[in-house]
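Novice: First, the structure itself, so that you have it in front of you.
The values are calculated or read from the model by the stated rules, or taken from the named source; none is laboratory data. If you're wondering where the values come from, they're calculated on a predicted model, not measured in any experiment. Cβ: placed from backbone, ideal geometry, glycine included. Neighbour counts: every protein chain shown. Quick note on the areas: whole protein, heavy atoms, side chains included, nothing else; ligands and nucleic acids left out. Shrake-Rupley method; radii C 1.70, N 1.55, O 1.52, S 1.80 Å.
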Amino acid sequence: MINDMKPEDIIGDYKEVMLDLYGGIKRLCLYSEVETPYPDGKLIVSTTDTNGIITHVNQSFVEMSGYTEEELINAPHSILRHPDMPAAAFKDLWDTVLRGEKWQGFVKNLRKDGGYYWVKATVIPNIRKGQIVGYTSVRRKPSRSKVEECIKLYPTLM
Amino acid sequence: MTYRLTVSPDFTPDHLPGWYIFNTWLQKQLGEGIHLEMYNSFQAQHEAIAKDQIDLIYANPFDAAMLVREKGFLPLVKAHGLSDEAIIAVNAESPAKDVTDLAPGTRIAATEDPDVRLMGMIMLEPADLNSSNIDLHSCDTYVLVAKQLLRGEADAGIFLAEAFDDLSGMIKKQLKVLVHSQIGVIQHVLMVGPRLTDRRDELRHLLLAMPSDEKGQDVLKNLGFDLLINVEDEEMEFMIDLMDTLNT
Ligand SMILES: Cc1cc2nc3c(=O)[nH]c(=O)nc-3n(C[C@H](O)[C@H](O)[C@H](O)COP(=O)(O)O)c2cc1C
């Protein structure tokens, strides 16, 4: 399940936008300019089923996203979709993993409180007995210079 | 036939006798001859694995993918509460306060332990450092990594957290930790190879039952473990996938 974001959850000033997500889902996004720095030394890990529905998250995922584990499990991974991310990035992600390959990229993620955090993500298909049974994404702390490049590049891809 | 047991060459030297005691215990329990072969490099161990000479291995997580996917090994058990974590440290006098204070060309001292080195390199990435723009100094032991920092021969070192903690107080006082990984799921696993997989359940049962008698407890103590716990196939696959994402 994925719900509209609620004003009472948001910290600070925010903007509103209606996001069109995959499968005809519409989500009201409330987003602020508050950045949460990536925690040093940690990995943010999640696993989805073949449809991108979250099946597992680690503690760092819970802490950084601001959602509870219960809110995350069974939600589409687009629960973190930030309006500043170009759709082309996620198309590339899905095209790559559907081919059975690894995808790597820099992603700006949306927190439940409207803030954001940048990650360097690697997504791989979980192949068991020759079949893709799901996907795992492992995020690590990105370098500031790479993030600055994306801040310049992504608006040109929108 | 005699089977062969080996241990990831990054074992703590203090636990070397423990592995011999473990092997003696295991042979008695299983009623089979097992030879313990300690290789002094990952390369030598990899050659033995390639020649299908290994039947039981306490494996570095970095090698797990190859062992499972290419050599048909299956997981048995892991030590309870002992995940592999990495530390980046510098000389206490170093002006660096954060990894991002390290610049390209930095001299990094590290051992050959593949999982620790991988975790360490990931923690250097926020500074835009990678294998192509650092000057890597390979050391045989973590004490030698520390010595390079103390002598100013390297600017930063990659340590196994446990090995860093084991350094003498004298040495540790002269070092400063910049970052400590908190990954929690990367760990050495005892695995069984194709010639012994039909005895996997029996092996597992013996290993999990170790704390229930005095002899077993003693063997565990000599290895520095308090308890061995089961590793399911899916948990192993998850760790392999995770290592795979980090190795890119
Ligand atoms: C394993 C995995 C992890 C993902 N992680 C994220 C993520 O952290 N943030 C994000 O916005 N999308 C992530 N996605 C992509 C989403 O599934 C989705 O494609 C994206 O949010 C864009 O939404 P849309 O496809 O509904 O347009 C992930 C996908 C997979 C398979």
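Novice: What translational D, rounded to a whole number of µm²/s, comes out for chain A from Stokes-Einstein when the hydrodynamic radius is the Kirkwood one over Cα pairs, at 10 °C and 1.306 mPa s?
Specialist: Roughly 99 µm²/s, to the nearest whole number.
Novice: Given bins 5 angstrom wide, list per bin the percent of all Cα-Cα distances in segment B:86-180, short to long.
Specialist: In whole percents, the pair-distance histogram is 3, 16, 30, 29, 17, 5, 0.
Novice: On full extension of the chain, what length is gained from residue B:41 through residue B:92, given 0.36 nm per residue of separation minus the C-alpha to C-alpha distance?
Specialist: Roughly 15.3 nm would be gained on extension.
Novice: Considering amide H positions built from the backbone, and no H for Pro or chain starts, which residues 5 or more places from residue B:155, or on another chain, come under 5 Å of its amide H?
Specialist: Amide H to amide H, under 5 Å and 5 or more residues apart or across chains, residue B:155 pairs with B:107, B:108, B:109.
Novice: P(r) for the protein assembly as shown: what percent of alpha-carbon pairs falls in each 20 Å bin, starting at zero?
Specialist: Here the calculated profile for the protein assembly as shown is 24, 51, 23, 1.
Novice: On to the next question. Add -39500 (n - 2.57) for each DSSP H run of 4 or more in the protein assembly as shown, then divide by its residues: what number comes out at 222 nm, to the nearest 500 deg cm²/dmol?
Specialist: Taking each H run of at least 4 residues, the total per residue is -9000 deg cm²/dmol.
Novice: Which length gain, in nm to one decimal place, applies between residue B:153 and residue B:14 when the Cα-Cα distance is subtracted from 0.36 nm times their residue separation?
Specialist: 47.3 nm
Novice: A further question follows. Keeping to pairs on different chains or 8 or more places apart, tell me how many lysine pairs in segment A:1-114 have Cα atoms under 23 Å apart.
Specialist: 15
Novice: Compute the long axis of helix A:144-153 from its Cα atoms, compare it with the longest principal axis of the Cα atoms of chain A, and write down the angle in degrees, 0 to 90, nearest 10.
Specialist: It works out to around 80 degrees.
Novice: If you count only protein heavy atoms and use a 1.4 Å probe, how large is the accessible surface of residue A:19, to the nearest 10 Å²?
Specialist: Roughly 20 Å² of residue A:19 is accessible to a 1.4 Å probe.
Novice: Can you pull the percent of chain B's accessible area that's carbon plus sulfur, 1.4 Å probe, other chains left in place?
Specialist: Carbon and sulfur: 50 percent of the exposed surface of chain B.
Novice: Further question: Taking only Cα atoms, what is the 0 to 90° angle, nearest 10, from helix A:87-98's long axis to the longest principal axis of chain A?
Specialist: Rounded to the nearest ten degrees, it is 20.
Novice: Another question, if that's okay. Count, for each residue of A:137-145, the Cβ atoms from other chains sitting within 10 Å of its Cβ, then give me the mean as a whole number.
Specialist: Mean partner shielding for this stretch: 5.
Novice: What lysines could a cross-link reach from residue B:78, if we take a straight Cα to Cα line under 20 Å and drop same-chain neighbours fewer than 8 places away?
Specialist: Qualifying lysines at Cα under 20 Å: B:215, B:221.
Novice: Just to confirm a number: summing +1 for Lys and Arg and -1 for Asp and Glu over residues other than residue B:35 whose beta-carbon lies under 11 angstrom from that of residue B:35, what do you get?
Specialist: -2
Novice: From the phi angles alone, apply the Karplus equation (6.51, -1.76, 1.60; θ = phi - 60°) to segment A:43-50 and give each ³J(HN,Hα) in whole Hz, x where the residue is Gly or Pro.
Specialist: In residue order, the calculated couplings are 10, 9, 10, 9, 10, 10, 7, 5 Hz.
Novice: Going by alpha carbons, how many degrees (0 to 90, nearest 10) lie between the helix axis of B:114-124 and the longest principal axis of chain B?
Specialist: Tilt of helix B:114-124: around 30 degrees.
Novice: Under a 1.4 Å probe, what is the accessible area of the protein assembly as shown per residue, stated in Å²?
Specialist: Result: 46 Å² of accessible area for each residue.
Novice: Still on this structure, I have one more. Leaving out ligands, DNA and RNA, calculate the buried accessible area for the pair B and A with a 1.4 Å probe, summed over both sides, in Å² to the nearest 100.
Specialist: That pair hides around 1900 Å² of surface in total.
Novice: Using only Cα atoms, locate the centre of segment A:1-64 and the centre of segment A:87-121, then give the distance between them in Å, rounded to an integer.
Specialist: Answer, in whole Å: 12.
Novice: For the modelled label position 7 Å from the Cα of residue A:28 along Cα-to-Cβ, which residues of segment A:97-129 have backbone nitrogen atoms closer than 18 Å?
Specialist: It comes to A:111-115, nothing else.
Novice: Let me ask another. Cα atoms only: what Rg and Dmax, in Å, come out for chain B?
Specialist: Taking only Cα atoms of chain B, I get Rg and Dmax of 18.9, 59 Å.
Novice: Let me confirm one metric for peptide B:236-248, namely the mean number of other chain beta-carbon atoms within 10 Å of its residues' beta-carbons.
Specialist: Mean inter-chain Cβ contacts per residue within 10 Å come to 5.
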